[in-house]
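Visitor: Got a structure here, written out as structure tokens. Questions coming.
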Amino acid sequence: MKKTIVPFFISHRGCPHRCIFCDQQKIAGAVGTFPSPAEIRDTVARYRHSSGSRVVDVAFYGGSFTSIAREDQQRLLFPLQDLIAAGEVSSVRVSTRPDTLDAAAAAFLHAAGVDVVELGVQSMDDSVLRQAERGHAAADVAPAVRCLKNEGITVGLQLMPGLPGDTMAISLVSLASVLELRPDFLRIYPTVVVAGTPLAQSYADGSYRPLSLGEAVELCKRLLHCAHRAGVPIVRMGLQPTVDLERGGVILAGPFHPAFRQLVEGELCFDLLKKLLPRCTDGAEPVTVFCAPSKIADVVGQKRANIRRLHRDRGLRIGRVRGDSSLTPFEMIVAGSDGTRRGSILEDLSYTIKEKYHV
Ligand code: SF4
């Protein structure tokens, strides 16, 4: 069952400065004031009421939680203690920077009931981090992850491919470096140009070019494939569409798409279909594709893109796509007039690095 998350936006609180791409107020559509203890309790109660008294998770988004004063961290977490003890709140998550997380900070979070921490890593390349004015180095990430793991805290890492100076190769190396740290999950946010940021200025003067949507999908397909093979889930790809974000004039350029993840998943399925289909059909008879029920939409592609492309480019016709619950989300079977083929995204696809995407 999907969990209800009670979000509190503390936009930019604790941030030592603004990273060149960031405007949390525009991205999250919320002002970063600290909620009072009463507001925290009331908000949790409201979410629980509207979700049928379900147990909820609480998340503090959009700032650098461990950079804010310890008393303020306490003030935010203290009102949750009774709710955690009563089993009304099952999880508390915060996001922060790797350079502000040491053993003491991790021990404090653990003692205060925080069980998930997301670190904004963005890149494991120091030149990219410098150009993004992150103010920390790649070497800060591993110690922070270690401190969190020592406390038994679930660790999520966020990457932002497409920052200035990034390339497909650098993004893939960044991913490989964070996978070595064995995070519990990843989030991947291809860089978009948000109005009012220094990055928007670079875009305006022509010194920065964001990834196109096609380039970002191509790159993220490779990142997703590597993460799948490493067994690390990517829980989100692409910014969450919000009313504020989709309002004209907020995102000036870059690969924003409300269903970005589905585009990427669809590409992986398309690559496996291409691999399997020519071996089992001459194009004369339509074939049937079997996949896990949850993957039917990805196999078909948005607006039937995969079916149409296979027909247009290769003369191959897919008659039906059917769910088969004995298949994993990575597997597919294609059945044509000349037999059946079974394949797996994990085992049958491999990608080489295309260096053409310099950002
Ligand atoms: S990316 Fe994180 S640290 Fe940088 S300005 Fe935004 S919220 Fe603050």
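Read the figures in this text as sums done on the coordinates, not as results from a lab. In this text, all values refer to a predicted model and were calculated from it rather than measured experimentally. As a convention, Cβ positions derive from the backbone with ideal geometry for all residues, glycine included, and neighbour counts pool all protein chains shown.
Visitor: Rank the residues Asp313, Asp166 as a footprinting-exposure proxy: fewest other Cβ atoms within 10 Å of their Cβ go first.
Guide: Final ranking by Cβ density, sparse to dense: Asp313, Asp166.
Visitor: In addition: With each pseudo-label sitting 7 Å past Cα toward Cβ, what's the Arg41-Asp102 distance in nm, one decimal?
Guide: Placing both labels 7 Å along Cα→Cβ, they lie 3.5 nm apart.
Visitor: Based on the Cβ-Cβ distance of Ala69 and Thr340, what FRET efficiency does E = 1/(1 + (r/R0)^6) give at R0 = 45 Å, to the nearest 0.05?
Guide: 0.10
Visitor: For Lys274, list the aspartates and glutamates whose Cα falls under 15 Å from its own Cα; do not include residues on the same chain fewer than 8 positions away.
Guide: Those aspartates and glutamates meeting the cut-off are Glu265, Asp282, Asp298, Asp313, Glu331, Glu347, Asp348.
Visitor: Among Gly231, Val121, Leu327, whose Cα sits farthest toward the positive end of the charge dipole of the chain (+1 at Cβ of Lys/Arg, -1 at Cβ of Asp/Glu, about the Cα centre)?
Guide: Positive-end residue among those listed: Leu327.
Visitor: Explain nothing, just the number: dipole magnitude of segment 269-348 about its Cα centre with +1 on each Lys and Arg Cβ and -1 on each Asp and Glu Cβ, in debye rounded to the nearest 20.
Guide: 380 debye
Visitor: To the nearest 10 degrees, how steep is helix 168-180 against the longest Cα principal axis of the chain, on a 0 to 90 scale?
Guide: 60 degrees
Visitor: P(r) tail for the chain, what percent of Cα pairs lie past 35 Å?
Guide: For the chain, the share of Cα pairs beyond 35 Å comes to 31 percent.
Visitor: Something else now. Listing Thr154, Thr352, Thr340 from the residue with the fewest other Cβ atoms within 10 Å to the one with the most, what is the order?
Guide: The order, fewest Cβ neighbours first, is Thr352, Thr340, Thr154.
Visitor: Let me ask you something else. At 25 °C and a viscosity of 0.890 mPa s, what translational diffusion coefficient does Stokes-Einstein give for segment 181-327, taking Rh as the Kirkwood radius over Cα pairs? Give it in µm²/s as a whole number.
Guide: Diffusion coefficient, whole number: 142 µm²/s.
Visitor: For Cα pairs less than 8 Å apart in space and 6+ apart in sequence, what is the mean separation divided by the residue count of the chain, i.e. the relative contact order in percent?
Guide: 14 percent
Visitor: A further question follows. Would you calculate a helix-derived [θ] at 222 nm for the chain, using -39,500 (n - 2.57) for each DSSP H run of n ≥ 4 and dividing by the full residue count, to the nearest 500?
Guide: Value at 222 nm, helices only: -10500 deg cm²/dmol.
Visitor: Calculate the tail of P(r) for segment 269-348: the fraction of all Cα-Cα distances greater than 17 Å, expressed in %.
Guide: More than 17 Å apart: 35 percent of the Cα pairs in segment 269-348.
Visitor: Over all directions, how big on average is the projection of the convex hull of the alpha-carbon atoms in segment 138-196, in square nanometres?
Guide: 4.9 nm²
Visitor: To the nearest 10 degrees, how steep is helix 305-314 against the longest Cα principal axis of the chain, on a 0 to 90 scale?
Guide: 40 degrees
Visitor: Just subtract the alpha-carbon distance of Gln262 and Arg209 from 0.36 nm times their residue separation and send over the number in nm, one decimal.
Guide: Between Gln262 and Arg209, full extension yields 16.7 nm more.
Visitor: Using only the alpha carbons of segment 72-198, determine the length spanned along each of the three principal axes and report them from longest to shortest in whole angstroms.
Guide: 48, 34, 22
Visitor: Cα to Cα, under 15 Å, and not fewer than 8 places away if on the same chain: which aspartates and glutamates meet these conditions relative to Lys2?
Guide: Candidates past the 8-residue exclusion: Asp57.
Visitor: So for the pair Ile5, Ser325, with labels modelled 7 Å out along Cα→Cβ, what separation do we get in nm?
Guide: For Ile5 paired with Ser325, the spin-label model returns 2.8 nm.
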